[in-house]
Amino acid sequence: CHRAKVPFFLDICRWAENAYLVREREPGQGTRSIPEIGRSFFDLADGVNMSAKKDGLVNMGGFLATRDRTLAARLRERLILYEGFPTYGGLARRDLEAMAVGLREATDLDYLQHRVGQVRFLARPARAPGIPFVHPVGGHGLYLDAKGFLDHLPDEELPGQALSVELYREGGVRSVEIGAVMFGEGTATPHLPPLVRLAIPRRVYTASHLAYAAETSPTRLGTDGVR
Ligand SMILES: Cc1ncc(COP(=O)(O)O)c(C=O)c1O
């Protein structure tokens with residue numbers, strides 16, 4: 001990026017979860033703190049964008065940050081058009097305060113262990129017998145492989161969307177298709193295998209909610225019922 005003079009921006013909405021996985025999986029990282037690991041990737045970037053609904057632990061809001069003061073000034077001008085003045089724009093002060101707290105709390109190891117543990121709990125093969133999903137699971141949810149699940153549905157019948165709708169009809173479980181529908185690319189998307197994401201909101205569900213989602217919906221869904 002630097003050679004081509006293209007600013008390098010990171011989408012850091014799940015940075016703390018990712019740092020947790022780095023700490024857990026990469027040799028030599030196991031004794032570093034989450035902020036230290038984060039610092040090593042933030043140092044590489046010219047800027048970041050953050051949807052703080054994720055690792056900012058807030059209901060709404062986010063930010064864009066850059067080391068480039070000129071760009072920051074231009075972005076502030078644009079902000080006035082889209083959000084309001086930086087001092088009293090789309091995010092009220094209480095939301096900014098909540099974000100300041102959330103950004104710190106999201107680096108707590110016990111919190112992260114619980115958070116990533118919930119994804120693993122949902123994925124435990126015993127809880128999802130015969131359900132094809134993407135391995136290994138990451139830090140925020142389970143990605144069901146819709147085609148592996150609904151092999152009787154051709155691409156043009158949007159198996160990902162069909163599975164997502166059926167999960168809701170069967171168990172009231174809200175998921176999202178990640179494929180032709182989300183990316184608006186029609187049905188001819190051989191490069192996009194249709195997935196269905198079961199993302200787990202932070203600090204919302206208990207183990208029994210997850211057990212319900214894992215056991216009730218997918219396992220009860222016979223492929224016959226999915227149109
Ligand atoms: C990596 C990543 N960036 C950005 C977003 C968008 O966040 P928002 O819904 O706040 O626009 C998402 C949403 O899931 C995401 O996964």
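Summary table
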quantity: Pairwise label distance in nanometres, Ala207 with Gln29, each label 7 Å out on the Cα-Cβ vector; calculated: 2.8 nm
quantity: Surface/4 estimate of mean projected area, convex hull on alpha-carbon atoms of the chain, nm²; calculated: 15.4 nm²
quantity: Cβ-Cβ FRET estimate between Ala92 and Phe42, R0 fixed at 30 Å, reported to 0.05; calculated: 0.70
quantity: DSSP bridge pairs, region 9-105: antiparallel proportion in percent, nearest 5; calculated: 60 percent
quantity: Taking the chain and dividing mean pair separation by its residue count, relative contact order in percent (alpha carbons under 8 Å, at least six apart); calculated: 16 percent
quantity: Peptide ranges 156-164, 96-104 listed from the most packed, as the mean C-beta count within 10 angstrom indicates; calculated: 156-164, 96-104
quantity: Glu157/Thr70 FRET efficiency (R0 45 Å; Cβ-Cβ; nearest 0.05); calculated: 0.35
quantity: Region 2-101: relative contact order as a whole-number percent, Cα under 8 Å and 6+ apart; calculated: 23 percent
quantity: Between 0 and 90°, nearest 10: helix 15-25 axis offset from the chain longest Cα axis; calculated: 70 degrees
quantity: Rounded tilt (10° steps) of 69-82 against the dominant C-alpha axis of the chain; calculated: 60 degrees
quantity: Shape call, region 9-105: gyration tensor on alpha carbons, a/c limit 1.5; calculated: oblate
quantity: Degrees between helix 109-123 axis and first principal axis of the chain (Cα, 0 to 90, nearest 10); calculated: 20 degrees
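Each reported figure results from applying straightforward, stated rules to the coordinates on display, with no laboratory input. None of the values given here were measured: they were computed from a predicted structure. Glycine gets a Cβ as well: all are built from the backbone with ideal geometry, and neighbour counts include every protein chain shown.
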